[in-house]
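K.L.:
Structure provided below as structure tokens; questions to follow.
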Amino acid sequence: MESISAFFPAYNDAATIGGLVEKTFHLLNSTGREFEVLVIDDGSADETPNVLRQLEAHYGSAFRVIRHPVNQGYGAALRSGFSSAGKDLVFYTDGDGQYDPAELTLLLEQMKPGVGLVNGYKIKRHDPFHRILIGKIYNLFVRIVFGIRIQDVDCDFRLIRRSYLSKAALRSDTGAICVELLQALSFLGCKSVDVPVHHYPRIAGHSQFFRWPSIFRTLRQLGYLYFRRRPALRSAAAKLLETHPK
């Protein structure tokens with residue numbers, strides 16, 4: 001039976017991260033798999049660090065925290081999780097509690113030989129109307145522009161074979177990393193399966209993405225990803241990143 005690393009990127013998620021970790025430990029213990037659980041604390045300024053210290057004391061070596069001294073962005077948190085995960089399969093979802101880690105069992109059922117990615121898609125999105133509308137437009141846009149075939153690019157509830165992640169060479173430090181990840185997996189010939197999952201209202205905290213600086217940085221990095229697909233424009237894309245650092 002394949003081992004699994006489960007991780008949560010967290011930023012000011014003190015109200016939710018403890019329950020998510022507890023539920024994930026309970027679930028993975030019941031599968032009989034070798035596993036580890038990680039949290040990437042991306043420079044949280046609330047009580048998240050204290051909650052994580054308590055979890056470390058309780059769960060011991062099966063639980064690890066990777067700490068960013070300052071907030072580096074969603075993509076940077078995911079890259080830290082991917083590089084720190086050491087098991088055969090890598091699962092991640094957000095630390096804000098809008099997805100139920102118990103539904104990881106649905107993804108595991110579909111992770112069969114030949115499949116490299118099992119990607120959730122939201123049955124119904126529970127967010128303010130403007131976020132739902134922007135999410136639909138964004139999802140349609142990136143699927144068309146980048147040729148991504150999965151149903152829900154913006155659903156951060158994914159199970160991936162680490163053998164693919166080790167070859168992906170991701171660079172984004174914003175929400176653009178989801179597009180970069182799916183694009184890289186497609187280039188590597190990774191077969192994917194879509195699975196419906198539930199999405200719940202946010203009970204605390206605020207989205208990192210819906211801030212103007214984050215939106216502009218994400219759009220810039222999406223532009224780089226688009227140009228990178230075309231060999232003749234790669235040098236221009238590289239200069240774009242050099243001129244406008246992360």
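K.L.:
Arg228 - would you say it is modelled with pLDDT of 90 or more, buried (at least 17 other Cβ atoms within 10 Å of the Cβ) and among the basic types (Lys, Arg)?
P.N.:
Details: modelled with pLDDT of 90 or more: no; buried (at least 17 other Cβ atoms within 10 Å of the Cβ): yes; among the basic types (Lys, Arg): yes.
Judged against the criteria, Arg228 is not a match.
K.L.:
Looking at Ser192, Ser163, can you tell me which residue is small (Gly, Ala, Ser), in contact with a strand residue (DSSP E or B) (Cβ under 8 Å, 6 or more places away or on another chain) and under 17 Å from Gly114 (Cβ atoms)?
P.N.:
Values: Ser163 fails: in contact with a strand residue (DSSP E or B) (Cβ under 8 Å, 6 or more places away or on another chain).
It is Ser192.
K.L.:
Just wondering, is there one or more residues in region 59-81 that are assigned to a loop (DSSP other than H, G, I, E, B), surrounded by 21 or more Cβ atoms within 10 Å (Cβ to Cβ) and modelled with pLDDT under 95? Write out each step before concluding.
P.N.:
Within region 59-81, the subset assigned to a loop (DSSP other than H, G, I, E, B) is 69-73.
Narrowing the set further to residues that are surrounded by 21 or more Cβ atoms within 10 Å (Cβ to Cβ) leaves 73.
Applying the additional criterion that residues be modelled with pLDDT under 95 yields 73.
Taking every residue of region 59-81 in turn, at least one turns out to be assigned to a loop (DSSP other than H, G, I, E, B), surrounded by 21 or more Cβ atoms within 10 Å (Cβ to Cβ) and modelled with pLDDT under 95.
K.L.:
When only residues in region 82-100 that are part of a helix (DSSP H, G or I) and either at pLDDT below 95 or under 13 Å from the mean Cα position of the chain (by Cα) (or both) count, which is nearest to Lys191 (Cα to Cα)? Please lay out each step first, then the result.
P.N.:
Here is the first cut: in region 82-100, the ones part of a helix (DSSP H, G or I) are 82-84.
Cutting the leftovers down to either at pLDDT below 95 or under 13 Å from the mean Cα position of the chain (by Cα) (or both) gives us 82-83.
Numbers: Phe82: 19, Ser83: 21 Å.
Filtering first and then ranking leaves Phe82.
K.L.:
Restricting to region 141-182, what's the tally of residues that are at pLDDT below 90 and in a helix (DSSP H, G or I)?
P.N.:
So the answer is 6.
K.L.:
Considering only residues of region 111-126 that are part of a loop (DSSP other than H, G, I, E, B) and in contact with a helix residue (DSSP H, G or I) (Cβ under 7 Å, 6 or more places away or on another chain), which is farthest from Val179 (Cα to Cα)? Before you say what the answer is, go through the steps one by one.
P.N.:
From region 111-126, those part of a loop (DSSP other than H, G, I, E, B) are 111-116, 123-126; that's our starting set.
Filter once more, keeping what is in contact with a helix residue (DSSP H, G or I) (Cβ under 7 Å, 6 or more places away or on another chain): 116, 125.
Values: Gly116: 16, Arg125: 19 Å.
Only one residue fits best here, namely Arg125.
K.L.:
What number of residues within region 40-81 satisfy the criterion of being within 14 Å of the chain's Cα centre (by Cα) and more than 20 Å from Ser5 (Cβ to Cβ)? Full working, then the answer.
P.N.:
The initial filter retains those residues of region 40-81 that are within 14 Å of the chain's Cα centre (by Cα), namely 40-42, 73-81.
Restricting the remaining residues to those that are more than 20 Å from Ser5 (Cβ to Cβ) gives 73.
Total meeting the criteria: 1.
K.L.:
Could you please find all residues in region 114-151 being of a type in the set (Val, Ile, Thr) and surrounded by 18 or more Cβ atoms within 10 Å (Cβ to Cβ)?
P.N.:
Initially, region 114-151 is screened for residues of a type in the set (Val, Ile, Thr), giving 115, 118, 123, 132, 134, 137, 142, 144-145, 148, 150.
Passing the criteria: Val118, Val142, Ile148, Ile150.
K.L.:
Counting only residues that are of a type in the set (A, V, I, L, M) and in a loop (DSSP other than H, G, I, E, B), which one in region 193-208 is surrounded by the fewest Cβ atoms within 10 Å (Cβ to Cβ)?
P.N.:
Step one: filter region 193-208 for residues of a type in the set (A, V, I, L, M), giving 193, 195, 197, 203-204.
Next, only the ones that are in a loop (DSSP other than H, G, I, E, B) stay: 203-204.
Details: Ile203: 10, Ala204: 12.
Out of the qualifying residues, it is Ile203.
K.L.:
Could you go through region 115-129 and let me know if any residue there is under 26 Å from Glu2 (Cα atoms) and over 17 Å from the mean Cα position of the chain (by Cα).
P.N.:
Scanning region 115-129, I find at least one residue that is under 26 Å from Glu2 (Cα atoms) and over 17 Å from the mean Cα position of the chain (by Cα), so the answer is yes.
K.L.:
Another question, if that's okay. Would you call Cys190 under 26 Å from Asn71 (Cβ atoms) and either modelled with pLDDT under 85 or not in a helix (DSSP H, G or I) (or both)?
P.N.:
Details: under 26 Å from Asn71 (Cβ atoms): no; either modelled with pLDDT under 85 or not in a helix (DSSP H, G or I) (or both): yes.
It is false that Cys190 is under 26 Å from Asn71 (Cβ atoms) and either modelled with pLDDT under 85 or not in a helix (DSSP H, G or I) (or both).
K.L.:
With the condition kept exactly as written, say whether any residue in region 28-38 is within 26 Å of Ala176 (Cα to Cα) and in contact with a strand residue (DSSP E or B) (Cβ under 6 Å, 6 or more places away or on another chain). Walk me through how you get there before you give the answer.
P.N.:
Of all residues in region 28-38, those within 26 Å of Ala176 (Cα to Cα) come to 37-38.
Restricting the remaining residues to those that are in contact with a strand residue (DSSP E or B) (Cβ under 6 Å, 6 or more places away or on another chain) gives 37-38.
Yes: region 28-38 contains one or more residues that are within 26 Å of Ala176 (Cα to Cα) and in contact with a strand residue (DSSP E or B) (Cβ under 6 Å, 6 or more places away or on another chain).
The values are calculated or read from the model by the stated rules, or taken from the named source; none is laboratory data. Since we're looking at a predicted model, the values are computed, not measured. Cβ atoms come from the backbone with ideal geometry, glycine included; neighbour counts cover every protein chain shown.
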